[in-house]
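The values are calculated or read from the model by the stated rules, or taken from the named source; none is laboratory data. Note that this is a predicted model, so its numbers are computed, not measured. Cβ placement follows ideal geometry from the backbone for every residue including glycine, while neighbour counts extend to all protein chains displayed.
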Amino acid sequence: MSLIPAFEIGVWNAWLFMGSFLLQWLAVSLAGKRVSQRTGHPPDMKRSKSDQRIGTAAMITWLIAITYSIFLPLQLGTIWFYIGLGAFLFGLIILTIATLNFATAPHDKPITSGFYRYSRHPMYLATFLIYTGTSLASASWLFFLLTITTVVLIRPEAILEERYCLEKHGDSYREYMDRTPRWIGIPKS
């Protein structure tokens, strides 16, 4: 890892990894209005000023990461690239499965099947893995700082979503929370 961040446009840059979020957004958008309205923050979700600031900071960080990935070369042929590629692919698999679980779930019940059985926030888990994979595959300390910033901002977003789901689904979501870890793990029987 170099102290001076890499900054060059190229085909084999980190955008190849980060583009997965744009493809996911496109897939959700094409899935129909009912699915796309549930993503992010539904209109009936109550957000304090602090929640709104955190959400804005998370979006800005994401936009910076997407933009920087266009100019960030992957370190092809290095051990960092292969480790990062593995983390990215694992994250991409989780993101794909969780997006399909989300899109096909009933709208009036909490999502508890598929990858949501092992994580209450599999898309956030996938985000962490994709960012980490991008950091490693590009050997970029700057992108790693963006990863840490994203993780710090994701936690309050996850808590906000859980509070919303508790209000909306009550005891069924509380039971889900009791048996399913926030990030990843084996569900309790």
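From the list Thr56, Thr61, the one residue that fits, being in contact with a Leu (Cβ under 7 Å, 6 or more places away or on another chain), among the hydroxyl-bearing types (Ser, Thr, Tyr) and within 30 Å of Phe7 (Cβ to Cβ), is Thr61. As a summary of the residue check, Thr78 satisfies the conditions (1) surrounded by fewer than 17 Cβ atoms within 10 Å (Cβ to Cβ); (2) among the polar types (S, T, N, Q); (3) closer than 23 Å to Val152 by Cβ except for the one numbered (3). Please verify whether the range 28-49 includes one or more residues that are under 11 Å from Ala137 (Cα atoms) and either surrounded by fewer than 12 Cβ atoms within 10 Å (Cβ to Cβ) or modelled with pLDDT of 95 or more (or both). So far as the range 28-49 goes, no, none of its residues is under 11 Å from Ala137 (Cα atoms) and either surrounded by fewer than 12 Cβ atoms within 10 Å (Cβ to Cβ) or modelled with pLDDT of 95 or more (or both). For the range 129-185, name all the residues that are assigned to a helix (DSSP H, G or I), hydroxyl-bearing (Ser, Thr, Tyr) and in contact with a helix residue (DSSP H, G or I) (Cβ under 9 Å, 6 or more places away or on another chain). Across the range 129-185, the qualifying residues are Tyr131, Thr132, Thr134, Ser135, Ser138, Thr147, Thr149, Thr150, Tyr173, Tyr176.
Taking residues in the range 63-78 that are free of Cβ contacts under 8 Å to residues at least 60 places away in the same chain, and partners anywhere that are aliphatic (A, V, I, L, M), the pairs with Cβ atoms closer than 7 Å and at least 6 places apart or on different chains are Ile66/Met18.
Please find, within the range 1-27, the residue that is modelled with the lowest pLDDT out of those that are in contact with a helix residue (DSSP H, G or I) (Cβ under 6 Å, 6 or more places away or on another chain) and among the aliphatic types (A, V, I, L, M). Only one residue fits best here, namely Met1. With respect to the conditions (1) farther than 15 Å from Leu16 by Cβ; (2) part of a loop (DSSP other than H, G, I, E, B), Gln75 falls short on a single one, namely (1).
Consider the range 103-121 and keep the residues that are part of a loop (DSSP other than H, G, I, E, B), buried (at least 20 other Cβ atoms within 10 Å of the Cβ) and touching a residue at least 40 places away in the same chain (Cβ under 8 Å). The one that is farthest from the chain's Cα centre (by Cα) is Pro110. Among residues of the range 19-34 that are more than 22 Å from Leu63 (Cβ to Cβ) and among the hydrophobic types (A, V, I, L, M, F, W, C), those with a beta-carbon under 7 Å from a residue that is at pLDDT below 90 and surrounded by 13 or more Cβ atoms within 10 Å (Cβ to Cβ) at least six positions away or on a different chain give the pairs Ala31/Ala103. Restricting attention to the range 122-166, the residues being basic (Lys, Arg) and either crowded, with 18+ Cβ neighbours inside 10 Å or over 14 Å from the mean Cα position of the chain (by Cα) (or both) number 1. For the range 86-102, taking the residues that are of a type outside the set (S, T, N, Q) and buried (at least 18 other Cβ atoms within 10 Å of the Cβ), the one that is nearest to Phe7 (Cα to Cα) is identified as Phe88.
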